[in-house]
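The values are calculated or read from the model by the stated rules, or taken from the named source; none is laboratory data. In this text the structure is predicted, and so the values were computed from the model without any measurement. Cβ sites come from the backbone with ideal geometry, for glycine too, and all protein chains shown count toward neighbours. Accessible surface areas use protein heavy atoms only, side chains included; no ligands, DNA or RNA. Shrake-Rupley method; radii C 1.70, N 1.55, O 1.52, S 1.80 Å.
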Amino acid sequence: MLEAVRIRDFRLLWGARLVAALGSWLLVIAIPAHVFHITGSLVATGFTLVAEFLPPLVLGPVAGALADRWDRRRVMICADLVRAAVITLMVFATEESSLWLVYLALLAESAAATVFRPAAQAHTPAVVGTGSALSGAQSLNAVTDGIVRLVGPPAGAALLTLAGFEFLVLLDCASYLVSAAAIAATAPRPHPPGERRAVLAEIAGGLRVLRGVPIALALLPFTAIFLAANASLSALLVPFGVRQLGGSEQIGFVSSALGVGFLLGAVVIRHCVDRFPPGRLFAASQFATAIAFFVLFDSMTMTVALPAAVAVGVFGSMTVVTPQVALQRAVPNEVLGRISAVFLSAEALAALLGALAGPALAQGFSLRAAMVTACLVTAFSALASAMLIPEPTVFPSSMRGYRLQESEIRDMTGDHMSVIEEQVEVHVPVRTAYDQWTQFESFPKFMDGVERVEQRTNTLTHWHASIAGVDREFDAEILHQVPDERVSWSVLSGPKHKGTVSFTPQDATHTKVSLRIEYEPEGFVENVGDKLGIVQSRVRGDLKRFKEFIEQRGAETGAWRGEVKPGDSRL
């Protein structure tokens, strides 16, 4: 977790998430309680759930396309401001004739949240990268979710009694404004370039990418099945607590135990997600959740129920976080918003169907029948996912994470290009880091295997290098260059190779350098080196040596501040 917390922009994003989530969870009990107080109707109260689930079902894929098309930082800020505005409508819903304002506010808030979530999901790896910092970030987010789940509902219920419904609504409004301000304080980031097409065409493109990333395609149905079973049992928690444990006070203790489990799960998943392949970790977590659910709903005393609830929280949070990390590492960032939105829509549909199916089974047959059905579905889903979710063919210990780009993107694009993404934070201003990178003839000082680089023109270089033990000589052309932002290049002769290095200021004296390289291994030696992660390790080492080189100097050896636009022919 500490690796992610050291990144200033992530600290701001995490703080925004914590504040906004706490404001929302304060209303989890207050909104249905307010509606029930006004109407006395279970149906009217149930419509609050429908109002929250409808927007993700209808708008999910569109929201993902917009998140990939627009600047994600601005999307999140605007979504927070919209949520702050619409939630205040609830203040005016004081009697049954004005209850429609509650439903309208919930629909609008959920719609804005539907746009916010895929943008946030795709923005996180752009801030922390796809390495170990990403798993730390997701673990910390899971801790946040556990805290607000533990604290939010009982605090909201207490404030509802002490201060009233209107106070809670205004508190939630303020939380969204604080979140927007925190996100606005993060550094702007270059948006991934790409052709802007019609929204439906972009959705179709995202679905094609989904079909081309096997692990994402496999995770989608199993994630939905798990969440449907989870929702069916969550909908039965209150009647279970009343019938078998003794009443609402016991339900409160069980809910708190679930929150404790979420917090513990965040710690456990941090140590597991970088050590085990996601398919096996996902399957094991599902199966453990099924067992924990069975013990919980079969219990007759709090002595058994509370430990079982903690176990449900631990393994349930692991089952939710594992696919998120796998997606963020497997899916190209340019389409991650759309893929995340597909998952969010599927999850919303699954949760809605599960929430309807669980009570229906319990009403038609028995509470135990509904419980056994949900547990069996979860267990069979775990067994199926263990067999069907693809795993990496090579998982070297040096990776310490599941890097899907190299194998999965090859399947997606139909070519044989390997993709490597690495990043490092250097303790120099962005101008210093960028200017030094434009001095290609200095690369042998920090790049392993680069013997000599000749700068022939402003956009043409000639390289002498050793790649995976094979001597190479080639020309490279600068395709796109923006001072203090990025340099993109492509090899003109020799091995197929292209890449982009981008520079993101973290503050006045710190810069994140992100490197993306695509290359095609040639011959047996290079392919073996690729499979064993040798090239990935070399790139990581090159960035580390660049960091040491520029930090020790404290200043660049030279600079070229020219700009090269895509499509320019300047050889």
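A compact table of results
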item	result
Residue in segment 91-98 that is under 26 Å from A181 (Cβ atoms), within 22 Å of the chain's Cα centre (by Cα) and touching a residue at least 24 places away in the same chain (Cβ under 8 Å) present	no
Selection within segment 174-204 - assigned to a helix (DSSP H, G or I) and either modelled with pLDDT under 80 or of a type outside the set (A, V, I, L, M, F, W, C) (or both)	S175, Y176, S179, V199, L200, A201, E202, I203, A204
Among (1) of a type in the set (G, A, S); (2) modelled with pLDDT under 80; (3) under 29 Å from the mean Cα position of the chain (by Cα) - the single one G261 does not satisfy	(2)
Check on T88, modelled with pLDDT of 75 or more and surrounded by fewer than 24 Cβ atoms within 10 Å (Cβ to Cβ)	yes
Test set (1) hydrophobic (A, V, I, L, M, F, W, C); (2) under 30 Å from D507 (Cβ atoms); (3) modelled with pLDDT under 80; (4) in contact with a Ser or Thr (Cβ under 9 Å, 6 or more places away or on another chain) - L59 fails condition number	(2)
Qualifying position, being farther than 21 Å from R11 by Cα, open to solvent by 40 Å² or more (accessible area, probe 1.4 Å) and modelled with pLDDT of 75 or more, among L207, L171, L219	L171
Segment 94-138, subset in contact with a Phe, Trp or Tyr (Cβ under 8 Å, 6 or more places away or on another chain) and more than 30 Å from L515 (Cα to Cα), residue most open to solvent (accessible area, probe 1.4 Å)	Y103
Pairs where the first residue, in segment 34-60, is under 19 Å from E95 (Cα atoms) and open to solvent by 30 Å² or more (accessible area, probe 1.4 Å) and the second is modelled with pLDDT under 75 and among the β-branched types (V, I, T), C-beta under 6 Å, 6+ apart	F36/T45
Per-region count, segment 289-313, residues within 20 Å of E347 (Cβ to Cβ) and at pLDDT 90 or above	4
Pairs, first over 14 Å from K565 (Cβ atoms) and open to solvent by less than 30 Å² (accessible area, probe 1.4 Å) in segment 478-492, second among the aromatic types (F, W, Y) and part of a strand (DSSP E or B), C-beta under 8 Å, six or more apart	V491/F474
Pair list, Cβ < 6 Å and 6+ apart or interchain, from segment 136-154 residues that are in a helix (DSSP H, G or I) to residues that are of a type in the set (D, E) and open to solvent by 30 Å² or more (accessible area, probe 1.4 Å)	G136/E3
Positions within segment 475-525 being of a type in the set (D, E) and modelled with pLDDT under 85, in sequence order	D475, E518, E520, E522
